[in-house]
2 protein chains.
Amino acid sequence: MWKNNALTQDEVREQKRMAVLSAGAALFNQQGFDRTSLDDIAKSLSVTKRTLYYYVKSKDEILSECNWLAIDFLEEPLATSKIADAPPLERMERLLRSYIKLLSTDFGACLVLSEERTLTEDSRLALHAAKKNFDLAVRALIKEAIADGTIAECDPKIAAATIFGAINWVPRWFQSADAADWDRLSTEMLAILLNGLRAAPPKL
Amino acid sequence: MWKNNALTQDEVREQKRMAVLSAGAALFNQQGFDRTSLDDIAKSLSVTKRTLYYYVKSKDEILSECNWLAIDFLEEPLATSKIADAPPLERMERLLRSYIKLLSTDFGACLVLSEERTLTEDSRLALHAAKKNFDLAVRALIKEAIADGTIAECDPKIAAATIFGAINWVPRWFQSADAADWDRLSTEMLAILLNGLRAAPPKL
């Protein structure tokens with residue numbers, strides 16, 4: 001770890017800004033955007049509201065920045081999943097594992113807990129585009145896995161929605177600060193979802 | 001079908017009241033509770049707001065009645081699932097199929113689309129209790145199916161949350177007035193989820 005005095009002024013500012021965003025995300029997720037004030041965020045950081053304004057303009061800015069950070073975080077695993085270095089189902093598993101890991105963070109949970117109406121028009125559109133993009137990537141992997149015979153014939157749209165429905169629900173019922181708990185959750189959920197895709201045609 | 005003149009006054013009133021609730025549910029689901037006024041509901045039924053007040057006291061009453069009706073609808077399949085007339089996984093499949101069918105109706109969709117903050121305290125508590133009850137019934141069936149060897153060892157809480165996450169997401173992305181489309185959706189989703197449970201231990 002660098003000591004503070006080894007950081008430039010810009011780096012210190014950026015670190016503090018991240019602390020503000022992170023504190024905002026944590027409170028939005030816990031008590032909702034509407035019920036969180038800039039005062040609450042300042043209080044949770046033990047600073048004044050005046051100090052906060054040095055880093056962010058508004059509560060809206062905090063929420064949209066949190067969503068941007070989460071989208072950014074997903075970009076690399078998403079790009080990697082498109083490189084055919086492993087069978088499609090394995091790449092999908094890696095991608096979904098990264099996604100669940102992202103949802104274990106305050107920034108990531110914002111992605112699924114933010115209500116549409118609390119987002120600015122710009123954020124809403126960006127978020128929609130990012131989610132659409134992610135959905136299409138998963139559908140493409142499902143199609144590839146059907147083609148290579150790893151999984152049973154299925155409707156990729158329904159399969160992707162089943163996966164996202166299950167995973168996006170997680171921040172609403174699962175809380176843990178322990179990474180091992182999240183790993184276990186990932187393994188259990190992905191076993192059900194991916195084994196379900198692997199299995200022979202519907203036998204109901 | 002009975003002709004109107006074969007119905008008692010009370011029956012006619014009840015039919016009309018159901019039409020009001022149904023119109024309310026449809027609008028709440030389409031455009032949200034906040035953005036729906038009693039005027040909108042009256043307009044969609046081609047009656048005056050004054051007529052509406054003969055059947056319901058308020059918008060809140062419509063929402064809570066819709067949720068009550070949906071909870072009632074689920075009671076019978078839930079009770080049936082507890083009678084050991086078939087293997088547990090088969091009973092779970094029947095129960096989840098009834099649930100997806102319920103979500104295809106306007107009353108049912110209300111159950112998952114209503115935001116907490118739009119519900120009165122009483123409705124919120126009743127809804128929580130009903131959902132908890134349903135969750136526990138599904139967990140119990142999962143435990144039974146593990147015990148009888150039909151499905152792999154798993155965490156029943158995680159498995160139930162995976163199922164409910166996937167299914168409760170449906171009204172947010174799937175719309176169709178055609179029962180056959182809903183049947184196909186049920187079959188595809190339940191194939192993934194139940195085959196996933198059936199499959200051998202996690203192989204990731």
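Quick notes on this structure:
- Subset of the stretch A:99-118 [within 14 Å of chain B (Cβ to nearest Cβ) and open to solvent by less than 50 Å² (accessible area, probe 1.4 Å)]: A:99, A:100, A:103, A:112, A:113, A:114, A:118
- Residue selected from the stretch A:165-196 under the condition more than 7 Å from chain B (Cβ to nearest Cβ), free of Cβ contacts under 8 Å to residues at least 40 places away in the same chain and of a type in the set (A, V, I, L, M, F, W, C), by the criterion least open to solvent (accessible area, probe 1.4 Å): A:174
- Filter pass, residue B:160 being free of Cβ contacts under 8 Å to residues at least 60 places away in the same chain, among the hydrophobic types (A, V, I, L, M, F, W, C), more than 7 Å from chain A (Cβ to nearest Cβ) and within 12 Å of residue A:166 (Cβ to Cβ): yes
- Residue in the stretch A:183-192 that is of a type in the set (Lys, Arg), in a helix (DSSP H, G or I) and closer than 23 Å to residue B:170 by Cβ present: no
- Checklist (1) open to solvent by less than 90 Å² (accessible area, probe 1.4 Å); (2) in a helix (DSSP H, G or I) applied to residue B:30, failing item: (1)
- Condition check for residue A:137 on (1) part of a helix (DSSP H, G or I); (2) in contact with a Lys or Arg (Cβ under 9 Å, 6 or more places away or on another chain); (3) facing chain B (nearest Cβ under 10 Å): one failure, at (3).
- Test result for residue B:33, within 22 Å of the chain's Cα centre (by Cα) and within 14 Å of another protein chain (Cβ to nearest Cβ): yes
- Residue that is within 23 Å of the chain's Cα centre (by Cα) and open to solvent by 90 Å² or more (accessible area, probe 1.4 Å), where the choices are B:65, B:90: B:90
Rundown of residues vs (1) within 26 Å of residue B:16 (Cα to Cα); (2) touching a strand residue (DSSP E or B) at 6+ places or on another chain (Cβ under 6 Å); (3) acidic (Asp, Glu), yes/no style:
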{"site": "B:44", "(1), (2), (3)": "yes, no, no"}
{"site": "B:52", "(1), (2), (3)": "yes, no, no"}
{"site": "B:62", "(1), (2), (3)": "yes, no, no"}
{"site": "B:66", "(1), (2), (3)": "yes, no, no"}
{"site": "B:72", "(1), (2), (3)": "yes, no, yes"}
{"site": "B:77", "(1), (2), (3)": "no, no, no"}
{"site": "B:94", "(1), (2), (3)": "no, no, no"}
{"site": "B:130", "(1), (2), (3)": "no, no, no"}
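- Number of positions in the stretch B:119-134 that are part of a helix (DSSP H, G or I) and either under 15 Å from the mean Cα position of the chain (by Cα) or buried (at least 16 other Cβ atoms within 10 Å of the Cβ) (or both): 11
- Across the stretch A:146-164, the number of residues qualifying as in contact with a Pro (Cβ under 7 Å, 6 or more places away or on another chain), open to solvent by 40 Å² or more (accessible area, probe 1.4 Å) and under 26 Å from residue B:172 (Cα atoms) comes to 1.
The values are calculated or read from the model by the stated rules, or taken from the named source; none is laboratory data. Since this is a predicted model, take the numbers as computed values, not measurements. No Cβ is skipped: glycine too gets one built from the backbone with ideal geometry, and neighbour counts run over all protein chains shown. Quick note on the areas: whole protein, heavy atoms, side chains included, nothing else; ligands and nucleic acids left out. Shrake-Rupley method; radii C 1.70, N 1.55, O 1.52, S 1.80 Å.
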